[in-house]
Amino acid sequence: MHSLLQTYIPEFAITKVLELLEHDSLVVKLKKERKTRHGDYRSLPNGKHQITINSNLNQYRFLITLIHEIAHFEAYKSYGRFIKPHGLEWKRTFQRLILPFLNPNVFPKELLPLLANHFKNPKASSDTDAKLSFALKQFDEPNDKTFIFEVPFGGMFKLYNGKVFKMGSKRVKRFECIELKTGKVYLFNPNSEVELLEKIYE
C-alpha cells in the first residue's frame, strides 16, 4: 500500500493516510477513468468495506477523493448504515479527516484558500465547487478538452457520450446549452470539460 500511495498522493500525506487505512476490513482498489465519479465506497455483503479511486486523477484530486471515501467508511462505523450518504454525519467526518492535510506541505498554497472555503460545507462532489474544481484541473495532464466557459456563444461542443450541444447564454452560475438532437436545454457548470467542434451541424 505504501508504494501504491507514493505514486498517487503527495509525499507528506502518505504517513497520515496509511494510519487512516489501518483497518483489516477496508480495501482500496484503483479503477480506470469513470466519467461520472472520481471514486466510491461500499459496504460489501461479506462484511468487508471497499473504496475505489480513479487511477487517472492528479495527486491532489486523488487525495481529496480518497479522504472523501474514507469519511464514508468512518461515518458508517460511527453512525450506522441508515445515515444519508452525504449528510451531516459524513460532512463532519470529512472535515475532521481532511483538516490535518490542509497545509502547504501537502497542497500548493494557491489551493489552500479554496480548500478551506470548500470544507466549510463539503458537497457530495468537489466538482460542484466550480472554483476549486477548475483550480484542481490545472494539475491534470494536458489534454485536448476545452472548459465550457471558453466555448463561444453559439459554438458547438461534444460530450464524452457523443451528445452534441450548442452553447447558449450564462445564467447566474451555469451555462444554458441546447442538445442538437432533441432540442432540450441543459445547464452546465463552467468547469465542465468538452470537445469543441466546428460548426458543421447547422
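Quick look at the values:
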{"item": "Sorted largest first, extent of region 13-66 alpha carbons per principal axis (Å)", "result": "29, 27, 12"}
{"item": "Anisotropy class of region 103-148 from Cα gyration tensor, a/c 1.5 cut", "result": "oblate"}
{"item": "Assigned charges on the beta-carbon of Lys, Arg, Asp, Glu; the chain dipole about Cα centre (debye)", "result": "760 debye"}
{"item": "Derived scalar couplings ³J(HN,Hα) [region 33-48; Karplus, 6.51 cos²θ - 1.76 cosθ + 1.60; whole Hz; x for Gly, Pro]", "result": "3, 10, 5, 9, 7, 8, x, 7, 10, 8, 8, 8, x, 7, x, 7"}
{"item": "Protection proxy ranking, peptides 60-71, 105-116, average beta carbon neighbours within 10 Å, highest first", "result": "60-71, 105-116"}
{"item": "Rg/Rh for region 146-197, where both radii come from Cα atoms and Rh is the Kirkwood radius", "result": "0.90"}
{"item": "Positive-end residue, the chain charge dipole about Cα centroid, Cβ charges, pick of Phe147, Tyr60, Phe107", "result": "Phe147"}
{"item": "Calculated [θ] (222 nm, deg cm²/dmol) that DSSP helices of n ≥ 4 give over the chain, each run adding -39,500 (n - 2.57)", "result": "-9000 deg cm²/dmol"}
{"item": "Computed over region 62-103, Cα set: Rg, Dmax in Å", "result": "9.9, 33"}
{"item": "Of Lys84/Lys173; Lys84/Lys163; Lys120/Lys173; Lys145/Lys181; Lys35/Lys184, those spanning more than 24 Å from alpha-carbon to alpha-carbon", "result": "Lys84/Lys173; Lys84/Lys163"}
{"item": "Rg/Rh (Cα only; Kirkwood hydrodynamic radius) as it applies to the chain", "result": "1.01"}
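All of the numbers you see were taken from the coordinates with simple rules; none came from a lab. Everything numeric in this text was worked out from a predicted model, so none of it was measured. Cβ atoms come from the backbone with ideal geometry, glycine included; neighbour counts cover every protein chain shown.
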